[in-house]
Amino acid sequence: MTVKPLEKFFLLTRNRLARRPERGKLSSGLRSARIREWVSKRCERESGHFLEVGCGEGLLLEDLRDTELHLFGLDRDEIIFRKGKSEKTFSGKRIRFFNGDAAQLPFPSNTFDWVVCVNVLLSMESEEVIRKALRELHRVCRKQGRVLLEFRNRWNPWTWISYRTVRLYD
């Protein structure tokens, strides 16, 4: 497979803007890092069960490793499982990973205190699938829990450019 000049430029730029330890990972990048920081700040003093839907390599979960949260990640891509990891341990903290779909979460109802879904809904194939996923996120979240979603403004020039070039890196 040959790398086209525009693709090479985009990958180089994304890696330069990523934090050093995250360079080369699919969910790296300045925008993703800022979102992870925002979520981490809100959860740093929390406890309970935390689920990230669409976790990729688990960068957000790694950021939360020093909290009192029990961490779970779910992704439909088999990125983590291809690497042979369904579990990671950081500083004695275990993070469990599951392969599955946001529209059919493999967890019992009322399981999580925090359910986070970042950079996922915009890549779903239809509004009906998005509705199913939102119902599932609500179903697995406890009554006093929180669901954090990220929606992107398609009129934002940065968003428009990044999703016009998504085929270059995804």
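The values are calculated or read from the model by the stated rules, or taken from the named source; none is laboratory data. Treat the numbers as computed from the prediction; the structure is a model and nothing was measured. Positions of Cβ are generated from backbone atoms using ideal geometry, with glycine treated the same way; all protein chains shown enter the neighbour counts. The accessibility values were calculated without ligands, DNA or RNA, using every heavy atom of the protein model including side chains. Shrake-Rupley method; radii C 1.70, N 1.55, O 1.52, S 1.80 Å.
Restricted to the stretch 106-128, and to residues that are open to solvent by 30 Å² or more (accessible area, probe 1.4 Å) and outside any loop (DSSP other than H, G, I, E, B), which residue is modelled with the highest pLDDT?
So, considering only residues that are open to solvent by 30 Å² or more (accessible area, probe 1.4 Å) and outside any loop (DSSP other than H, G, I, E, B), the one modelled with the highest pLDDT is ASP113.
Could you list all residues from the stretch 61-74 that are modelled with pLDDT of 90 or more and touching a helix residue (DSSP H, G or I) at 6+ places or on another chain (Cβ under 9 Å)?
Within the stretch 61-74, LEU64, THR67, LEU69, LEU71, PHE72, GLY73 qualify.
Quick test of your reading of the structure: SER47 fulfils all but one of (1) surrounded by 16 or more Cβ atoms within 10 Å (Cβ to Cβ); (2) modelled with pLDDT of 85 or more; (3) among the hydroxyl-bearing types (Ser, Thr, Tyr). Name the failing condition by number.
Unmet condition: (1).
Can you confirm whether VAL140 is touching a Ser or Thr at 6+ places or on another chain (Cβ under 8 Å) and touching a residue at least 24 places away in the same chain (Cβ under 8 Å)?
yes
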